[in-house]
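The values are calculated or read from the model by the stated rules, or taken from the named source; none is laboratory data. All figures in this text were calculated on a predicted structure; none of them were measured in a lab. Quick reminder, even Gly has a Cβ in these numbers, built from the backbone with ideal geometry, and neighbours come from all protein chains shown. The accessibility values were calculated without ligands, DNA or RNA, using every heavy atom of the protein model including side chains. Shrake-Rupley method; radii C 1.70, N 1.55, O 1.52, S 1.80 Å.
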Number of protein chains: 6
Amino acid sequence: MSIFGLIEYEDATPEVRAIYDDIMATRRTNWINNFWKAIAHDPATLKRTWEDIKQIMVPGALDAVTKEMIYVAVSVTNQCNYCIASHTVSAQQKGMTDAMFKELMAVVGMANETNKMVTGYQVEIDAEFKK
Amino acid sequence: MSIFGLIEYEDATPEVRAIYDDIMATRRTNWINNFWKAIAHDPATLKRTWEDIKQIMVPGALDAVTKEMIYVAVSVTNQCNYCIASHTVSAQQKGMTDAMFKELMAVVGMANETNKMVTGYQVEIDAEFKK
Amino acid sequence: MSIFGLIEYEDATPEVRAIYDDIMATRRTNWINNFWKAIAHDPATLKRTWEDIKQIMVPGALDAVTKEMIYVAVSVTNQCNYCIASHTVSAQQKGMTDAMFKELMAVVGMANETNKMVTGYQVEIDAEFKK
Amino acid sequence: MSIFGLIEYEDATPEVRAIYDDIMATRRTNWINNFWKAIAHDPATLKRTWEDIKQIMVPGALDAVTKEMIYVAVSVTNQCNYCIASHTVSAQQKGMTDAMFKELMAVVGMANETNKMVTGYQVEIDAEFKK
Amino acid sequence: MSIFGLIEYEDATPEVRAIYDDIMATRRTNWINNFWKAIAHDPATLKRTWEDIKQIMVPGALDAVTKEMIYVAVSVTNQCNYCIASHTVSAQQKGMTDAMFKELMAVVGMANETNKMVTGYQVEIDAEFKK
Amino acid sequence: MSIFGLIEYEDATPEVRAIYDDIMATRRTNWINNFWKAIAHDPATLKRTWEDIKQIMVPGALDAVTKEMIYVAVSVTNQCNYCIASHTVSAQQKGMTDAMFKELMAVVGMANETNKMVTGYQVEIDAEFKK
């Protein structure tokens with residue numbers, strides 16, 4: 001239930017409520033997930049984290065669904081259950097199909113395997129990879 | 001230089017050479033990077049790993065550059081220097097621009113940050129994320 | 001419930017009971033948390049782990065609350081839910097305020113973000129940092 | 001040497017130079033370490049990361065040296081060599097003595113050990129830790 | 001319950017059923033654990049993963065129980081609860097005694113501790129370890 | 001070269017020298033590797049760490065080479081280069097053959113792969129694995 005509990009919209013200060021409003025408007029949704037309600041106890045962190053995510057996750061050179069899949073790849077590698085659950089749903093909402101998810105998982109699994117093998121075999125970086 | 005040293009093409013058995021040939025043909029290149037030369041001391045592992053990667057990294061529901069960027073995201077999260085160096089180059093060869101790399105890094109950094117914050121605040125998964 | 005179950009005080013051998021007594025006396029509390037009851041099935045490990053923690057966590061050049069916050073920082077980075085829950089409570093008991101916890105989480109999040117960015121950008125260590 | 005190379009002060013755009021100036025003024029130093037010069041190729045990321053760090057690392061409920069030691073604790077747990085080197089120096093400049101560093105390492109080591117043991121023994125969180 | 005749900009034997013395609021049959025025959029058991037039922041939604045991944053595990057986990061230079069204990073050591077280090085639960089049971093079925101499990105946990109804990117201390121102290125690799 | 005430098009035998013205090021002697025006697029070798037020389041600046045940590053390792057790594061329910069291979073498995077998963085280099089040599093000295101090392105790497109790679117896939121697919125633990 002989170003260390004300080006969750007701050008619901010109706011209990012939020014105007015400062016926090018403004019950020020909740022921006023989250024919902026930006027995401028075109030009418031609810032706020034627990035992460036934001038948990039860190040709302042620290043309004044400076046809520047504001048900074050939201051503004052960072054908003055800036056970073058906007059489509060640019062990478063589209064929205066690719067960014068969410070990268071978020072999932074990191075969250076899976078870190079074994080963060082909350083993040084996997086939330087960003088998998090976000091990715092699906094932005095267009096990730098089941099086929100895409102399956103390939104994402106296959107790549108993430110493979111990368112984790114070879115990351116360790118290359119280190120375990122103590123392989124030096126090829127000169128070709130250093131430009 | 002790797003625990004058992006590197007097996008160069010000219011010193012490889014026909015079995016290993018056949019895999020080297022397939023790697024170069026599949027990747028349309030004329031050299032083999034150190035990872036393969038290092039695990040070639042275990043031909044069964046070389047064969048299995050290459051066949052897995054070949055199957056997984058082929059464009060499908062996700063295109064080739066997206067798959068390489070996911071590989072980079074995992075490698076960065078695992079702090080695997082060899083893998084970051086090699087897969088960043090691979091991603092660039094498959095079309096990752098500098099702008100795409102920069103956004104990739106921004107997302108990876110952000111995901112690592114919030115993965116930890118959500119866990120540190122002990123946030124429970126929203127019912128909405130459990131379908 | 002732990003692989004071998006939990007050994008309660010009344011079921012413990014004198015050897016284990018002596019360590020439980022020392023834990024409670026040192027921590028000025030009248031209960032034993034599950035971690036100790038779980039590893040008590042291996043008395044040598046219980047003894048070694050407790051004596052190490054007792055030696056390490058005593059106030060010295062760093063005070064007690066700083067040590068507990070470092071413990072939380074590591075536990076969050078490792079995504080260890082049990083450890084986060086137990087050491088957050090310990091830190092609070094030793095004087096960590098809500099404001100301190102919030103700043104702790106902000107630093108942990110930021111460090112996890114830049115740890116990955118610096119590695120992903122393949123940044124070399126400055127000569128100035130090598131003395 | 002970093003993927004895009006390092007942007008030195010004299011080659012920086014006014015936008016980047018302004019951030020370099022703020023880093024040096026805030027830290028009361030006359031040089032910029034490689035991390036900033038590496039990410040300066042992405043001015044938005046440079047700006048966002050610096051402003052976040054500046055906000056987070058300012059002394060508040062936690063003093064400056066405690067914050068740097070927490071940064072080191074995370075960096076060690078993530079095995080990030082660059083971050084360990086740079087933040088250990090920062091911590092020393094802010095007052096971390098050798099004795100404090102040694103205790104920091106002892107706590108980080110211990111926390112990493114028990115994080116794994118508690119998970120390996122599959123220990124459930126005590127009701128007492130859930131408030 | 002897994003993102004796509006679990007595919008039970010009676011609902012499986014002949015292709016998936018053949019792999020389930022091989023899993024049960026190889027492991028001399030009459031049930032399939034959830035991991036396989038979850039990834040069965042991606043038959044290519046199910047097939048590849050099972051064939052890899054079957055090849056890798058067969059007794060060779062290392063016996064079956066040693067391989068399972070190594071699997072547990074990795075799973076504990078990664079804090080993967082599912083994997084710890086499943087591979088601890090597998091290891092027990094292949095002969096891991098309680099005494100062996102306890103020593104396994106002690107080594108895993110110690111290794112995680114010294115892994116971090118050696119990195120935190122910035123220790124260089126001895127020439128003797130480079131052959 | 002390590003943060004405080006390395007303490008050589010001839011420069012060590014009698015307290016540190018006694019531990020160096022015990023390390024060499026226990027390991028039947030005539031040199032001390034850098035890790036011990038680095039942490040010798042903190043004699044209490046040197047003593048505690050050595051006594052823990054000595055107790056844990058002694059052959060018991062698990063033999064010496066199995067314990068060293070578990071150490072390598074953890075070190076590879078943590079991407080600790082020093083630890084991989086040193087414990088691979090130790091494992092070889094205690095009897096690990098090249099064939100054993102290759103199988104060890106294969107299992108470590110596979111475990112890292114499935115650890116992530118099972119978490120990414122959000123698979124629940126089977127009732128059968130909870131006893």
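Solvent exposure of D:Glu15, expressed as accessible area, is near 100 Å², computed with a probe of 1.4 Å over the protein chains only. Sites listed here are chymotrypsin sites (Phe, Trp or Tyr not before Pro) in segment B:1-93 whose DSSP assignment is loop and whose Cβ has at most 16 other Cβ atoms within 10 Å: B:Trp31. Accessible area per residue was computed with a 1.4 Å probe on protein heavy atoms; A:Arg17 scores about 80 Å². Altogether, the Stokes-Einstein calculation at 10 °C and 1.306 mPa s, with the Kirkwood radius of segment D:1-121 over Cα pairs as Rh, returns a diffusion coefficient of 99 µm²/s. Here the dipole of segment F:1-87 is about 200 debye; that uses its Cα centre as origin and unit charges on the Cβ of Lys and Arg (positive) and Asp and Glu (negative). Counting pairs of Cα atoms in the protein assembly as shown, how many percent are more than 33 Å apart? Everything past 33 Å amounts to 50 percent.
Charges were assigned to the Cβ only: +1 to each Lys and Arg, -1 to each Asp and Glu. The resulting dipole of the protein assembly as shown about its Cα centre is roughly 0 debye. Averaged per residue, chain E has 37 square angstrom of accessible surface, using a 1.4 angstrom probe with ligands and nucleic acids left out.
Here the Karplus relation 6.51 cos²θ - 1.76 cosθ + 1.60, evaluated at θ = phi - 60°, turns the backbone of segment B:70-76 into coupling constants of 5, 4, 5, 4, 5, 5, 5 Hz, with x for every Gly and Pro.
Within the accessible surface of the protein assembly as shown, defined with a 1.4 Å probe on protein heavy atoms only, the carbon and sulfur portion equals 52 percent. Taking a sphere under 15 Å around the Cβ of B:Ser2 and counting the other residues whose Cβ falls inside, with K and R at +1 and D and E at -1, yields a net charge of -1. Which residues of segment C:78-99 bury at least 50 Å² of accessible area once all protein chains are present, versus their chain alone (1.4 Å probe)? Going by heavy-atom accessible area, the residues of segment C:78-99 that drop by at least 50 Å² are C:Asn78, C:Gln79, C:Tyr82, C:Ala85.
Solvent exposure of F:His41, expressed as accessible area, is near 50 Å², computed with a probe of 1.4 Å over the protein chains only. Helix A:98-120 and the longest principal axis of the C-alpha atoms of chain A enclose an angle of approximately 60°. When C and B come together, around 1800 square angstrom of accessible surface is lost from both chains combined, probe 1.4 Å.
Note on chain F: lysine pairs with Cα distance below 20 Å, sequence gap of 8 or more or different chains, count 7.
Note on chain C: dipole from Cβ charges, positive end direction compared against C:Gln79, C:Ile32, C:Gly109; the farthest Cα belongs to C:Gly109.
Put simply, the Cα atoms of segment E:43-91 extend 27, 26, 16 Å along their principal axes, the longest span coming first.
Take each residue in D:40-47, count the other chain C-beta atoms within 10 Å of its C-beta, and the mean is 4. Averaged over the residues of peptide F:59-70, the number of Cβ atoms from other protein chains lying within 10 Å of each residue's Cβ is 6.
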